[in-house]
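Below is one structure, written out as C-alpha cells; the observations come after it.
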Amino acid sequence: MKAASKAAALPSLPYNPIVEGAASTLPLVFTRDADYFFAASSSSVKIHSRSTGQVVSTLSAPSGNPAQITAVLLHPTNPLQLVTAALDGTVRIWDYLDAVLLRTIEVGFPITHLAAHASLPSNVFVAVRKPKADKLGRKVDPFAFTGRTNSIVYSVSLETLAGTNGRSSKSKELLRIGKTRSVTGLSISPDGQWLVAIGNRKVQIARTASLRNGFTKLVSDADLMSLAFHPSEPTFATGDAVGKIRVWRCLDEDFLRQAQEETEGEKHAPSTVLHWHAHAVSALSFTPNGAYIVSGGEEAVLVLWQLSTGQREYVPRLGAPIDAVTIADGISGREQEYALTLADGSVTFVSSLTLKVSRSFARIKVDSSRHLFPASRQATMPSPIAVEPVTGQLVLQSGHPSSLQFFDIQADRITSELEVAPSNRVSRPDEAPLEPTRVELVAFSSQPAHGSSGLAEWMATIDSRPGGGHMSNEIALKIWQWSSSAQGGRYILNTRIDKPHEEGGVSSLAFSPAAEAGDGGLLLVTTGKSDRKIKTWRLATHTARGGRQEMYWVPRSIAAYRNHAPSAARWSPDGSILAVAQGPFLTLWEPVSNSLIAALSCPEVKAAQQLEFVGRQGRYVAVGSGTTLIVWDLVRGEVHAHRSYDEAVRSIVPLENERLAVVRPTGKKGQQHSIVDVLDVTAPSRPAVTYQLPVAVREVTTGVVKQRGLSSQNGTVGLPHFFAITSAFDVVQVGSSPDDTQQGGPSGSSSAGQSLRGISVKRRTLFDDLFGPMMDDYDAEAAATAQKQRQRPVLATKDIFALFDAPAHLLPPVRMLFDAFVPAVLPPRREGDGEDAEGVKRAGTVEQDEDEEDEMDIDGDEAAKAAPGPHIAARSKDDEAEDIRVLTDLFASQLETPATSTSSAAKKGKPAAGAASSPAGAKSKPNGLPNGSSDAGKKPQGRKSSSTMVNGAAASPSSAGGKQIGGTSPPASQGKAGAGKKRKSLS
C-alpha cells in the first residue's frame, strides 16, 4: 500500500503510443459512398482514403480516456455519423466529417460488442463484461477487475437522463436481455427482427419486438468465433474454433417457441456444415447477393463458398492471418472488393472479379504469430528496437518476426521492409505453434553511406531459430550495406556468418562510432552467451575479376576475462574504449591492440546486466546490476555515484546534457507500470527527478535520442525522451504526449482531427482505365510525373518490354510511356557532358540557306564557332513543333508510298520517291560511319540490292521552309516521275 500510494504521488511522465502490440480485429466500416473507411486503432478511429490508404482524419477520445475501442459502426439513421464503443463503458457518437464528438453515453461496464439497426433508431445493443461479487458479497470495480467475467447483453437507450449536463451522460434505460459466459459476436438481422449473440458453444436468439422474453439458446458442436447474416433470407452463419462453418436456418417463430418451451437436453437447429479451414474461422461474411460466403482465418487464405453447390475458390498467401472481412461496394458501378483486416495490422483489398490482391495498406505492422504462444514464451521473446542514426527512423520487427520494418515517425508510415531471414508464411499443422526465425538484435553504424543521402552505411543483425530433436540451433550474424542504386535504395546483404559464437546466442551487438578508429577502421563487436567470448570484426577487401574491389567482414580479435560471460558491450563516444559488462566486473579494452586497460568492480555489483556511456566525452559509465545502479568515473577510476532501489533496474537510457534515466518496472500483474529516475551525473549528490510511467517497459532504444520536432512551448523538452516497447508489446514514445502529436510533434500526423469537408477523392472511371486520363488531366499531373521520372531508377534492358506487358486496349497513352522507355534504351548521361549537350543544342539551331547543296556534320563546339552571332538562336516551342511536323510528314510519306517503289526506282538507277540522295562532294557520315567509309548504295556480295539507303534513312521533301532531315532532298519533279513510272508498271 505504501508503494502504491508513493507511486500515485509521483508526477506522470507523458507518453505517446505509436502502435499497439496486437492489431485490431474489428472489420472495416465504409462510408455510404465507399470513398473512405474507418479502422479502429487502440483508443482512436482512423479514417483512410480507400484509393490510397492514406489517413485523412483521426477521431480520438478526450484526453485522459485512452480506452480501447471495441466496436465501430455507422449511425443506423444518419450515415454522416459514427458510433463507437470502448472498454471504458461509453458509447460515443461522432460527426466524422468535422471530427467532432457529439455525445457520450455511459453504460457503466466495459463494452465488448455493439449492434444497431435503422428500425430501432433510439436504441443500440451492447455486450458488456460484468465481474461477479467477491466471496464477501462486495461489488468489484468492473474496469479494474482482471479475473473471469460474464457477458451480459443490454438494450441501451440513446436518450439520456433528464437534468444531465454536458456531452457525457447516462443512458435513460438499460434493458437486460440475457447472459452468457463470453460473447464473441453480436448482430441484428438485415430486416431488424432478430438479435443474435454467440459465445462458447451457444447461439442465443431474441426477437427485437419482444426483448423482455429474453434469448432462446441453441447449441453448437464447438466454440463459436464469428457471425454473419444472410442479406435477404432468415439465415445466419457461424464459424467455430475447429474450422467449421455452420449455416443456421432457424429464424422461425414456431421453431424458436418450441425450442424455448423445451426444458431438458441440448437444443439443436437445422443447419448445413461447410468445412475446409484447419483452424478457427475468425472472418465470415455473406456476399451482397447471398450466393456466396467469404471466410478466412489463421491459414492466411480467403475462401469463397458457393452455397448452392458447395464449391470453393481460394485466394492464398495473403501474408498474415485474416481477422475480419468486409464486402466493399464498387465505386461508380465497378466490381466489389473484399476488404480484409489482417493480423499484422495491414488492410488488403481483393478484387471480386479476378480474385487477386489489388492493393494493400499498412501504417505499421505487428507480429501476427505472437498470440499463438503462451505467456511464458512471450516473456522471453526478443523484441528489438533501434533508431536509425542518420534519418531517425524507428526500426522494429515487422509482421513476421524474421523481417524488419523502417517506420518514419514524422510521416507516420512505413518507408521500407527488409526480410532478414527468408521464411515461409505457413500456419501450424496442429495445435502446437511453429517456432519461426526471429530477429534478436539490430545495430547501425553512425556514418551515412558515401555519396548518398540514404540511411547508415552498415547495419548488423542477429537472427536465430531454436532447434528441435536432432536439429541444432540456427544463429546467423548478417551485415548489410546500404545501396542507393538498388531499387531506389535498400540494404543489401554483404556478409553472413553462421554461429558467430558457436551454439550459444549473442548477447550484444554494436558498431564502433568512429570509422577511423586505429588501423582497423570501422569495427563491430559481438559478445557470446555460452562461449563467453568478446569478438571484434573488421572490413576486408578483395580484388575480383576485372579489378573490381569487393568488401566483406572477417574476424579481427577474440578476448575473454576470467571465464565470465559478457552481457553487454558499448563503445565510448570517440571509439577509443570498449566497455564490457562481465559478471561482477566492468572491463575496459583498447580496441586497436585488443589489450585490457582495466577491470573495475565493487561489492554491490553481483552480475552486471546493463551498461551505457553517459555524456559526450564518455567519462562516465553507468552499470545496472539487480536493484543497484553504479556510475563509474573512468578518469579517476572510482565509483562516482551509487543508488539502490526497491525494484530491479530494467534499462539505463543516456540522455542529453550529461543525464541518464533509470527505468524500473513495478506493480502487480495486470497493473504494472514503470518508475523513471532522471539523474545528473555531474551532480551525484543532487536528488533524482522521479516520474511515473503508466506502462511497464520491456525494451528501450540505446543511445541518445534527440527530440526531433519539439519546441519549448509544449513543455516536454526537459523530460527524458526515448522509445520503448512495453510488456504488452506496445511501442510508445516516452517524453511526448498525444497533444504534442497534434501540434506537429515528432510522431505527429497532420490528419488528427481534420475535417473531411475540404477533402475530395477523384473517382477513376472505366473510360480512364481503357483510354487513360483526359487531356485536361495532363497539365495538372505533368509536374508530378516529371519529378517521379527523375527519381525513378533506370530500367534494366530485360525490364523494358514489361512496359508493354498488357493488351493493347489497356495500355496507357504512348506519351505516358515515353519517359519510362527512353531512359531504358539510351545510355545514362555522364558527368562532363553538359557542355557537349549544350553545343549540340546550339548546333541544331544553325540556319542553312535553301540554295546550299553541301552539308557537313560538325560537333557542338565546332558549330558554336562556325556559326556565331545572328546564326545562333534559342530553340522555342514553335521550332519544336516545326520539327515534329517535319517528322510527321516524313512518316506519312513513307506510309503512303508502296514499299516496292523503292526497288523499282533502284533498278533504273534513279532514287525512289521519298528517298534522299547525297550530292557529289558531300561530307556526310552515312550510317554513322566515318567520312569516306560509307557503304551506302553498295550491293552486298552474293545477293542483289533491292533498295538504296542514303545516310541511313530515307527522307522526303516537305513544306518545312527548306529544312531537311538526314540529307538533301531530290527535286520534287524527280520524285513524282518515279512514282508515276511505278503506277504505270502496276497498270
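The values are calculated or read from the model by the stated rules, or taken from the named source; none is laboratory data. The shown structure was predicted, so the numbers you read here are calculated from the model rather than taken from an experiment. A quick note on method: Cβ atoms are made from the backbone with ideal geometry, for glycine too, and the neighbour counts reach across all protein chains shown. For accessibility, only protein heavy atoms count, side chains too; no ligands or nucleic acids. Shrake-Rupley method; radii C 1.70, N 1.55, O 1.52, S 1.80 Å.
This table checks each residue for (1) assigned to a strand (DSSP E or B); (2) in contact with a strand residue (DSSP E or B) (Cβ under 8 Å, 6 or more places away or on another chain).
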{"position": "GLY53", "(1), (2)": "no, yes"}
{"position": "LEU59", "(1), (2)": "yes, yes"}
{"position": "THR77", "(1), (2)": "no, no"}
{"position": "THR84", "(1), (2)": "yes, yes"}
{"position": "ARG92", "(1), (2)": "yes, yes"}
{"position": "PHE109", "(1), (2)": "no, yes"}
{"position": "HIS117", "(1), (2)": "no, yes"}
{"position": "PRO121", "(1), (2)": "no, no"}
Quiz item: Take the residues of the range 489-546 that are of a type in the set (Val, Ile, Thr) and touching an Asp or Glu at 6+ places or on another chain (Cβ under 9 Å): which is modelled with the highest pLDDT?
Solution: VAL506
Exercise. For residues that are among the small types (Gly, Ala, Ser) and either modelled with pLDDT of 95 or more or part of a strand (DSSP E or B) (or both), scanning just the range 562-578, find the one that is nearest to GLY521 (Cα to Cα).
Key: ALA569
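The rows are residues; the columns are (1) among the aliphatic types (A, V, I, L, M); (2) open to solvent by less than 60 Å² (accessible area, probe 1.4 Å).
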{"residue": "ARG312", "(1), (2)": "no, no"}
{"residue": "ALA320", "(1), (2)": "yes, yes"}
{"residue": "THR341", "(1), (2)": "no, yes"}
{"residue": "ASP344", "(1), (2)": "no, yes"}
Quiz item: Among (1) at pLDDT below 65; (2) crowded, with 22+ Cβ neighbours inside 10 Å, where does PHE723 come up short?
Solution: (1)
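Looking only at the range 636-645, how many residues end up being of a type outside the set (Lys, Arg) and either at pLDDT below 90 or not in a strand (DSSP E or B) (or both)? It would help to see each step written out before you state the result.
Filtering the range 636-645 down to residues of a type outside the set (Lys, Arg) leaves 637-642, 644-645.
Subsequent filtering for residues that are either at pLDDT below 90 or not in a strand (DSSP E or B) (or both) retains 637, 645.
The total comes to 2.
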Self-check item: Selection within the range 57-80 - at pLDDT below 90, aliphatic (A, V, I, L, M) and surrounded by 19 or more Cβ atoms within 10 Å (Cβ to Cβ)
Solution: ALA61
Quiz item: Within the range 123-154, which residues are among the charged types (D, E, K, R) and assigned to a strand (DSSP E or B)?
Solution: ARG129, LYS130
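Which is free of Cβ contacts under 8 Å to residues at least 60 places away in the same chain, open to solvent by less than 20 Å² (accessible area, probe 1.4 Å) and within 27 Å of THR52 (Cα to Cα), of SER351, SER358? Let's see the steps before the verdict.
Details: SER358 fails: open to solvent by less than 20 Å² (accessible area, probe 1.4 Å).
Sole residue among the options that is free of Cβ contacts under 8 Å to residues at least 60 places away in the same chain, open to solvent by less than 20 Å² (accessible area, probe 1.4 Å) and within 27 Å of THR52 (Cα to Cα): SER351.
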Quiz item: When the range 406-436 is examined, which residues are found to be open to solvent by less than 40 Å² (accessible area, probe 1.4 Å), under 17 Å from the mean Cα position of the chain (by Cα) and over 25 Å from PRO513 (Cβ atoms)?
Solution: ASP412, ILE414
Self-check item: Tabulated pairs, the range 312-330, first within 17 Å of LEU353 (Cα to Cα) and among the aromatic types (Phe, Trp, Tyr), second modelled with pLDDT of 90 or more and in a loop (DSSP other than H, G, I, E, B), C-beta under 6 angstrom, 6+ apart or interchain
Solution: TYR314/VAL301
Quiz prompt | Only listed residue being among the small types (Gly, Ala, Ser) and in contact with a Gly (Cβ under 6 Å, 6 or more places away or on another chain), chosen from ALA99, ALA85, ALA67 | solution = ALA99
Self-check item: Among the residues listed as SER151, SER119, the single one being of a type in the set (Gly, Ala, Ser), farther than 22 Å from SER41 by Cα, modelled with pLDDT of 90 or more and buried (at least 18 other Cβ atoms within 10 Å of the Cβ)
Solution: SER151
Quiz item: Based on what the data block shows, is VAL19 more than 21 Å from LEU227 (Cβ to Cβ), modelled with pLDDT under 90 and crowded, with 18+ Cβ neighbours inside 10 Å?
Solution: yes
Practice problem: Scan the range 646-657 and give yes if some residue there is open to solvent by 20 Å² or more (accessible area, probe 1.4 Å), at pLDDT below 90 and either aliphatic (A, V, I, L, M) or assigned to a strand (DSSP E or B) (or both), otherwise no. | Solution: no
Quiz item: Exactly one of (1) assigned to a strand (DSSP E or B); (2) of a type in the set (S, T, N, Q); (3) within 30 Å of ILE327 (Cα to Cα) is unmet by SER169. Its number?
Solution: (3)
Quiz prompt | Any hit, the range 422-433, residues being charged (D, E, K, R) and modelled with pLDDT of 90 or more | solution = no
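Give the number of residues within the range 615-627 that are surrounded by fewer than 19 Cβ atoms within 10 Å (Cβ to Cβ) and touching a strand residue (DSSP E or B) at 6+ places or on another chain (Cβ under 7 Å).
First pass over the range 615-627, keeping only residues surrounded by fewer than 19 Cβ atoms within 10 Å (Cβ to Cβ): 616-617, 626-627.
Right, trim to touching a strand residue (DSSP E or B) at 6+ places or on another chain (Cβ under 7 Å) and you get 627.
Of the residues in the range 615-627, 1 are surrounded by fewer than 19 Cβ atoms within 10 Å (Cβ to Cβ) and touching a strand residue (DSSP E or B) at 6+ places or on another chain (Cβ under 7 Å).
Give the range 364-416 a look and list any residue that's assigned to a loop (DSSP other than H, G, I, E, B) and of a type in the set (D, E, K, R), or say none. Step through it out loud before you land on a result.
Quick first cut of the range 364-416, residues assigned to a loop (DSSP other than H, G, I, E, B) only: 364-369, 373-374, 379-384, 388-393, 398-402, 409-412.
Correct list: LYS365, ASP367, GLU388, ASP412.
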Quiz prompt | Subset of the range 579-635 [among the charged types (D, E, K, R) and assigned to a strand (DSSP E or B)] | solution = GLU590, GLU612, ASP633
Exercise. Go over the candidates ALA241, ALA278, ALA259, ALA237 one by one and state the one that is of a type outside the set (Phe, Trp, Tyr), under 21 Å from LEU307 (Cβ atoms) and either in contact with a Lys or Arg (Cβ under 8 Å, 6 or more places away or on another chain) or at pLDDT 90 or above (or both).
Key: ALA237
